[in-house]
Every structure is written in structure tokens, then in C-alpha cells.
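Input: a single structure, listed below in C-alpha cells.
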Amino acid sequence: MLEESVRRAIRVDKDRLMRRLDALAECGARDDGGCNRLAFTDADKQGRDRVIGWMRELGLTVEIDAIGNAVAIRAGATDGPPVMCGSHIDTVRTGGRYDGNLGVLAGLEVVETLNDAGLTTRRPLAVAFFSNEEGARAAPDMMGSLVYVGGLALTQALDAVAIDGARVGDELERIGYRGEASVPGPVPHAFVELHIEQGPILEAEGIQLGAVTGVQGISWTEVTVSGQANHAGTTPMSYRHDAGYAAAETTSFVRRLTREMGGAQVGTVGAINLDPNLVNVVARKAVFTVDLRNTDEALLKKAEARLHEHLDAIAEAEGVTISTRTLARFEPVSFDRRIIELVADTARSLGRTVKELPAGAGHDAQMLARVCPSGMVFTPSAKGISHNPREHTDPEDLEAGANTLLQVLLALTESDEIPTRQASP
Ligand code: HGY
Ligand code: MN
Ligand code: MN
């Protein structure tokens, strides 16, 4: 059992954390300083190889499972389920260097800090990265952690087809990360994910850390519109069955819908592909995605219903046929109140300001919350920018996040039960 005064005194090495973040950013580096490590690509492999190399250098026992999740274990004084931290190291095409990477590399920084101090935690500690959290190349997002907790069958994940036509299982084999460990994976004692907020709230309110209360609901739909190719010059407007128009009209409908609904409702048409995609041809086909999110499940359902009503109406009006396919659908998730309060109290004990807030993005923690007490620590995002090479968080904020993660993990490894906030006398 770690002496309380000893464990409360140790701190991470900010410069070492920054060096690892910069070194990982070299994998799939973009010219503009961002990262492009779409899941299961060569760049993803390069990032995986580098992180697993660090895990092994730190003396961790690394297990790779059948969907490519990596779990690195640091032995404790006792056996049993580890306290786990981690996140993801795949990125979107226009990724920054902190989304996901921070949670994994801060976990390694925690391990190295404990190694340097010669400290052995009571419970084992695990640092994980989960495959394909982004879901941008192959849906759904949080694919690896969803398989890890038994929420998605391995075969279904392996048979998922990427936007470039590749099969996930084939890509996993190709990059050499179809591991031996079985899924669902072992249930941790608890799970804590450090992540950048990716939104503007903490920075706007001048708050240094976030104790995340949960994750909003996510609805991803792929819409396929089939119209009729025709000549852009000779075809009277009343004769047209224009798939491109149906896609564009739906894009503006999604924006109107979010304005009408207000509150937490957000909506995005992020990907549109037209066929034949030529200047002088009325598009015969459009395939596009609609991303709807809300913290309230009933309102998210309402938004989905409104979208489908709109699609029926535009199909009728334009004389096109429309089909839809659900790419991902997750209800809102609430994290364990004890972990939320542990994060908040720990941040304050480190002299940081902190607020409770929900996560706007999906996270692996929302999947681990299905099987064990889970929570998240947020650091501010400069100007709220993310999924953009300009994503930035000040090193001091990253350090505060990593020290909060360190202390939360130690509170969990050294206690019998999940600590609860002491009722004030
Ligand atoms: O889409 C998301 O919220 C996450 O970045 N996968
Ligand atoms: Mn992320
Ligand atoms: Mn992301």
C-alpha cells in the first residue's frame, strides 16, 4: 500500500510527456503540423508500433486483442482487475496531436513516474489504446472499445467496410495487429480517460480542468439518393431528378433543424459524394452522412424522426429514391458519480479550477462505462478547435491533466472500494 503522503507528492514530467506527444505526431504527420492516422492504415501501424515500443521499454506486459486493442499492464502488489486508463491513437484525416493521444501517453507518463519513484501500486495499473475510436474510415466510432466490452460482435467489426472499400479484418491483418487476446476483454476495476475537451467551454470560462459527467447521444446515418443523370443544359428544371439537389437541400435542412430545436442539438453533414460528380451532369447519385447528437435521448430521437420525414418529402418532391443505413447509434451515457467527484476533488486538491460538464464527442470511456466505474478528465482546447491540425492545449494544462490522472488512478489503485466523497460534517 502506497504511503498517502508519498503518493500525493509525486508529479509527472511535463517535458517527457511533450516529447512523447511530439514523437507520436511524427507518425502520419501532415505538412501543417497535424496528424493523419486513419484507423488500420500504415500510419496507424506506425503509431501503434511506436507506442507499443514505449510500453515495452517501460516494462509493461502488452496484450493485443483480436480487434487490435492494446492493453499494457504494470503489475501491482496484488493480483486482480487493474485500474485502467487510456484512449485512442487513431486520428481523423485532419487530426491534431492531442485527441486520444493525450490519454494514452499520459498513462505511459504515469507509469514512468511510478517507475522512477520505485513505487508499486496495490492494484495492477493498465494503459490501453483502443482501435478505431474515430470511426471516420470505418464505422462505428469507438469500434475497438465497443468490441472490448462485448457491445459489438468481433465478426461484425472485422467485416465492416471502410469508406475506401477495404474490409477492417483484412486491414488489421495487413498491419499485423490482429492479436491473440480474446474479446470481450477482461473487465477493469475502473477506467479513467484523460482527453482534451475539443470544445470551447473550459477555455471560455477560464476553468483549468473538466470532470466529465457523461457523453451525449450519437446518431450517424448514411443516406443514398438515386436520381437520374441528365444534361445540365438541356434538361428543364421540371424534368430533373437531381440527387445533388436532394443532398444539398438535406444539408441545409439539418442546419435549420438544429436552429429550430436549439439546446444541445447539433447536426453535421460531413461527407458528400456525388456521381458522376461532373460540372455539366445532373447528379444521378449522392451518398452522404448525417451526424446528429443530443444530450437528451428523446430529443435525439425527435431529430432523427424529423430527418426521415424530410427525406421522404424531398424524395417525393424531386422524384428520387432515398435509402438510409445506420452507421452508429449510441444513447447518452452518464459516468459513475464517484469517479466524477473523485476527478473534481483531485483537481481541486492540486490547486486547479474544475467544472463538471458533458462530453460532446464520443469517447472510449463511454463504452468502458458499460462494464466498470468509468469517468474522464478534460483539459481545455484552445479556441475549442479539434479534428483540425490547429488543435492545441497549453503544456501546463496537459501537465495538470496528467497529474490529475495520476492522482485519480492512485486513489483507485490504493483503495478497497471506489472512493466516495466524504459528506461534509
Ligand atoms: O465522433 C466522435 O465524437 C469521436 O471523435 N469519434
Ligand atoms: Mn478522441
Ligand atoms: Mn476524435
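Results for (1) away from ligand 1 (no atom under 16 Å from the Cβ); (2) of a type in the set (S, T, N, Q); (3) more than 20 Å from Gly59 (Cα to Cα), shown as yes or no for each residue.
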| site | (1), (2), (3) |
| --- | --- |
| Thr121 | yes, yes, no |
| Glu134 | no, no, yes |
| Arg137 | no, no, yes |
| Pro140 | no, no, yes |
| Thr155 | yes, yes, yes |
| Glu203 | yes, no, yes |
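Residue by residue, here is whether (1) surrounded by fewer than 17 Cβ atoms within 10 Å (Cβ to Cβ); (2) in the same structural domain as Ala160 (by TED's automatic domain parsing); (3) modelled with pLDDT under 95 holds:
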{"position": "Leu300", "(1), (2), (3)": "no, no, no"}
{"position": "Ala315", "(1), (2), (3)": "no, no, no"}
{"position": "Val320", "(1), (2), (3)": "no, no, no"}
{"position": "Thr324", "(1), (2), (3)": "yes, no, no"}
{"position": "Glu356", "(1), (2), (3)": "yes, yes, no"}
{"position": "Val371", "(1), (2), (3)": "no, yes, no"}
{"position": "Thr379", "(1), (2), (3)": "no, yes, no"}
{"position": "Arg390", "(1), (2), (3)": "yes, yes, no"}
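Matching residues to (1) surrounded by fewer than 24 Cβ atoms within 10 Å (Cβ to Cβ); (2) assigned to a loop (DSSP other than H, G, I, E, B); (3) out of contact with any Phe, Trp or Tyr (no Cβ under 7 Å at 6 or more places or on another chain):
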site: Arg8; (1), (2), (3): yes, no, yes
site: Gly33; (1), (2), (3): yes, yes, yes
site: Ala39; (1), (2), (3): no, yes, yes
site: Asp44; (1), (2), (3): no, no, yes
site: Ile67; (1), (2), (3): no, yes, yes
site: Ile73; (1), (2), (3): yes, no, yes
site: Gly76; (1), (2), (3): yes, yes, yes
site: Pro81; (1), (2), (3): yes, yes, yes
site: Val110; (1), (2), (3): no, no, yes
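Checking Val51 against (1) away from ligand 2 (no atom under 16 Å from the Cβ); (2) aliphatic (A, V, I, L, M); (3) not in a loop (DSSP other than H, G, I, E, B): exactly one of these is not met. Which one?
The one condition Val51 does not meet is (1).
Being surrounded by fewer than 18 Cβ atoms within 10 Å (Cβ to Cβ) and of a type in the set (A, V, I, L, M) narrows it down to one of Leu350, Leu342, so name that one.
Values: Leu342 fails: surrounded by fewer than 18 Cβ atoms within 10 Å (Cβ to Cβ).
Criteria check complete, one pass: Leu350.
Among the residues of region 154-183, count how many are surrounded by fewer than 16 Cβ atoms within 10 Å (Cβ to Cβ) and either aliphatic (A, V, I, L, M) or assigned to a loop (DSSP other than H, G, I, E, B) (or both).
8
Confirm whether Leu299 is part of a helix (DSSP H, G or I) and away from ligand 2 (no atom under 16 Å from the Cβ).
Values: part of a helix (DSSP H, G or I): yes; away from ligand 2 (no atom under 16 Å from the Cβ): yes.
For Leu299, the condition - part of a helix (DSSP H, G or I) and away from ligand 2 (no atom under 16 Å from the Cβ) - is met.
Which of the residues belonging to region 134-153 are part of a helix (DSSP H, G or I), within 16 Å of ligand 3 (Cβ to nearest atom) and touching an Asp or Glu at 6+ places or on another chain (Cβ under 8 Å)?
The answer is Met143, Gly144, Ser145.
Evaluate the following for Gly59: is it assigned to a helix (DSSP H, G or I), among the small types (Gly, Ala, Ser) and away from ligand 3 (no atom under 16 Å from the Cβ)?
On the way: assigned to a helix (DSSP H, G or I): no; among the small types (Gly, Ala, Ser): yes; away from ligand 3 (no atom under 16 Å from the Cβ): yes.
Taking the combined requirement at face value, the residue does not satisfy it.
Could you list, in sequence order, all residues of region 94-127 that are over 13 Å from Val192 (Cα atoms) and within 14 Å of the chain's Cα centre (by Cα)?
Correct list: Gly95, Gly96, Arg97, Tyr98, Asp99, Asn101.
Filter region 291-334 down to residues that are over 19 Å from the mean Cα position of the chain (by Cα) and closer than 22 Å to Asn132 by Cα, then give me how many there are. Walk me through it before giving the result.
Within region 291-334, the first condition is being over 19 Å from the mean Cα position of the chain (by Cα), and the residues that meet it are 296-325.
Among the residues that remain, those that are also closer than 22 Å to Asn132 by Cα are: 325.
Going through region 291-334 one residue at a time, the tally reaches 1.
The values are calculated or read from the model by the stated rules, or taken from the named source; none is laboratory data. Small disclaimer: the values here were computed from a predicted structure and weren't measured. Glycine gets a Cβ as well: all are built from the backbone with ideal geometry, and neighbour counts include every protein chain shown.
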